[in-house]
Structures are given as structure tokens and as C-alpha cells.
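Worksheet: one structure, shown below.
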Amino acid sequence: MTTTFPELNPPVRVLMGPGPSDTHPRVLQALAKGTVGHLDPYYLETMNGLQEMLRQVYRTKNPMTMAISGTGSAGMEAVVDNLIEPGDKMIVCVNGVFGGRMVDVAQRAGAEVTKIERPWGEVFTVDDLKPVLESVRPKVVGIVMAETSTGAWQPIEEISKLVHSYNALLAVDAVTALGGIPLEVDAWNIDAIYSGTQKCLSCPPGLSPVSFSPAAMEKVMSRKTKVQSWYLDVSMLANYWGQNRVYHHTGPINMTYALYEALRLVLEEGLEKCHARHALNHKALRAGLEAIGIKYSTQEGHILPQLNAVLIPEGIDDAKVRGDLLNRFGIEIGAGLGAYKGKVWRIGLMGYGSRPANVLLILSALEQLLAEQGYQFQRGASIAAATTVYQNAAK
Ligand SMILES: *Cc1c(COP(=O)(O)O)cnc(C)c1O
């Protein structure tokens, strides 16, 4: 039996996969600050600040904006479980892993789910949804804005108008969207939305920022049945996060500090500049990859800047490249999931990880590993193309 255990000494990694992404140093420092009680006036003030910053980042006035204790999937359950009563009809749009997960969560909550599907890498249009809304007449429609398994960027605004013209509520998965691409909760009339800390917010995993519109809260408050989850019941959480501050469960104090600091970073940079940074680093990465013949697998015009899903070149050993990236360069990228297994790499440029140093690092490491496997391309071309993008942007 082992009686001693080694001190924690995690390897230094550059996290360029589908999340978690690199944590900002200021966020790590925030995590290490002294723990206070969950009803300490200092903590209550911190919660207030966190909620106000979340409203700014989500671009909403929704009072019911808070951080669920749990990762993005807990946010998904919080949204679905609260909006759905057993027997309610829900349409879920599925074009990747996370839409599929929402179907599972909704069925467990007792929803009568109708699934609409698009091929992986593609997005939904109003025309895809209209006939289904017409025949199903659902209470809720669920859709993923940034499908991390495929790199597809789903436009929300027009779909929201359509959904509301059928008097349904719109629930949006913004786990990978928030902080990476423009997102307007109020202007687009989104009723319920959830995100995660470890994608584009430069924070470790552990909290799920959510927001519920007044219309969504009306549905929650007029339920005839109790929410199946005690822990995620928003009507009770409203008593803790709202004016009353009645104990519900112990807030994850230090994770709250971390998210607080992460949101401060986003607002300090400015939302528009933050999105522009994600766009520029993506443009440089894309120019670099394409200069050595690597193509995207996502529908053109709907490619997420923060999640680059690219086709693995013919004859290249997927697992070996990813293993070498990790073991020899300390870089983590994502493998393909489901339909994309063995066919696609997912390169994340999220939050603090979206920076020129990471773009140039992954391109040079990839060039070396691809050359070792006999891939034919012009050495150095990816770096030249990426740096040209940065030079032009600096003009
Ligand atoms: C990561 C992710 C989730 C799940 O979040 P966890 O933090 O892993 O629970 C849900 N939806 C999308 C789009 C994601 O990228």
C-alpha cells in the first residue's frame, strides 16, 4: 500500500483544444485568495459585482443572471429542467455532440422531444425550423450557438424571431460562444442561456453563467410540478442570488473569485476588442493552415474563430500527431468526436489562449510533425502566412 503521495506538480501545458483553455494568470491568483463564508458581506458584494458583470457580458438586463455551481452541462440542465415540465414539447436542433446532449437532458426532464438534424459542420436556417415549429408547436426550442464538436457558428437572431412568432421560448447553449463571438441576449430576445467558465472566459472549469428572461421566469414560477432537480431549481436559487440572499447551497467561493476576475478581464479589454482579438488570431491561424494545404471541415461562412475544426491530411497518423504535440511541445489540441473521430483536429483559440504566440507555436510544431510524417508542403509557409495577417492588421 502506498503511504506517500507526490506533491501536485502538473505539467505546463498550452491548452489549444475544445476547452479547458489556458487560464489567465490573474484568474489563477484570484483563486488563491482567502476563502470567506458564503453569507459574508464581502462575498455577497462579490456576487453582486459578478452578476452585474455577467449582465454586461451577456448584454442583458435580466435580473435572473447568475453562476450555477457546476460546469457548462449543469447550466444546460438548469435551463432545460426549469423550463420543461413533464409532457412539454421541445424542439432541439442537433448538428453535433452538444445538441445531442441537450436532447438527452430534455428527455430525462420528461420533455416530448422533437429532434431536427443538420449534418455535422453545418448550421440551421429559419427554413429548417419553420415547418417543424408549424407541426409541433413546442413550448421551448433549444439550439447551440457555438457547436464545439464541429466548429459551427450558428446565427441566432432570425431563428429567435421565428421561435417567438410561434410563442415558444428560446434556450441557447453559449458555452463556447460567450466571450469569443458577439452575443446579444436582450437584442436577440433569448429566453434562457447558459455558458461555461473554461472556454472563452480564461477561467478553469467549475461554474456555469446563466441568464433567464422575464418570460422564462414567468414559465418557471407558474410551474405546476416541482423542478426535478433540487440543486438546480431556479426558483430557490433566486432566493440566494436575488435580494433575499437566503442560504440554498454553499457558493463555490474561490471559483466565484476566479469568474469575477475573468469577467473583469473581459470588460477591461472591452467586449468588441475581445471579439476582434479572437477574430484576428483565427484569421492568422487559418491563413497559416491553408498555406500548408490544411482545410476546414466547417460550412464556409459559419466557422467559429475560437474553435478551428480542420481535416486531418490524408496519410497522417492522427493519434501520433496529437501525442507528439502533447509530449514534445506541451500543446493540447482536440481529437474529432463522433462522426469526426480520426478525421478532424479541433484547435481552440479561446480566451487567454487566443493570442499570436499560441498561433505561431501550433503552426511551427505542426509543420515539424507533419514533415516527419512525410507530408508534402512548403516548409515555413504557414508562419509566413500568419505573420502577414498580423502585419497587415498592425498597419
Ligand atoms: C463544453 C461544452 C458543453 C459542456 O460543458 P462542460 O463544462 O463540459 O460541462 C456544453 N455545450 C458546449 C457547446 C460545449 O462546448
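The values are calculated or read from the model by the stated rules, or taken from the named source; none is laboratory data. The model shown is predicted, which means the values in this text are computed figures rather than measured ones. With ideal geometry, Cβ positions are generated from the backbone for all residues, glycine too; neighbour counts draw on all protein chains shown. Side chains are part of the model used for accessible areas, which takes the heavy atoms of the whole protein and leaves out ligands, DNA and RNA. Shrake-Rupley method; radii C 1.70, N 1.55, O 1.52, S 1.80 Å.
Before moving on, here are some points about what is shown:
- Tally, over segment 115-127, of residues that are within 26 Å of residue 212 (Cβ to Cβ) and surrounded by fewer than 19 Cβ atoms within 10 Å (Cβ to Cβ): 2
- In segment 32-44, the residues that are part of a loop (DSSP other than H, G, I, E, B) and either small (Gly, Ala, Ser) or out of contact with any Phe, Trp or Tyr (no Cβ under 8 Å at 6 or more places or on another chain) (or both): 32, 34, 35, 37, 40
- Where strands (runs of 3 or more DSSP E) sit wholly within segment 45-118, those with at least 2 residues that are more than 12 Å from the ligand (Cβ to nearest atom), touching a helix residue (DSSP H, G or I) at 6+ places or on another chain (Cβ under 6 Å) and of a type outside the set (A, V, I, L, M, F, W, C) occupy 112-117.
- Only one of the numbered conditions (1) modelled with pLDDT of 95 or more; (2) open to solvent by 10 Å² or more (accessible area, probe 1.4 Å); (3) not charged (D, E, K, R) is not met by residue 3, and that is (1).
Per-residue answers, yes or no, for (1) among the charged types (D, E, K, R); (2) under 21 Å from the mean Cα position of the chain (by Cα); (3) over 24 Å from residue 303 (Cβ atoms):
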{"site": "144", "(1), (2), (3)": "no, yes, no"}
{"site": "149", "(1), (2), (3)": "no, yes, no"}
{"site": "155", "(1), (2), (3)": "no, yes, no"}
{"site": "166", "(1), (2), (3)": "no, no, yes"}
{"site": "173", "(1), (2), (3)": "yes, yes, no"}
{"site": "184", "(1), (2), (3)": "yes, yes, no"}
{"site": "195", "(1), (2), (3)": "no, yes, no"}
{"site": "200", "(1), (2), (3)": "no, yes, no"}
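- Top-ranked residue in segment 134-155 [being in a loop (DSSP other than H, G, I, E, B) and more than 16 Å from the ligand (Cβ to nearest atom); ranked as surrounded by the most Cβ atoms within 10 Å (Cβ to Cβ)]: 138
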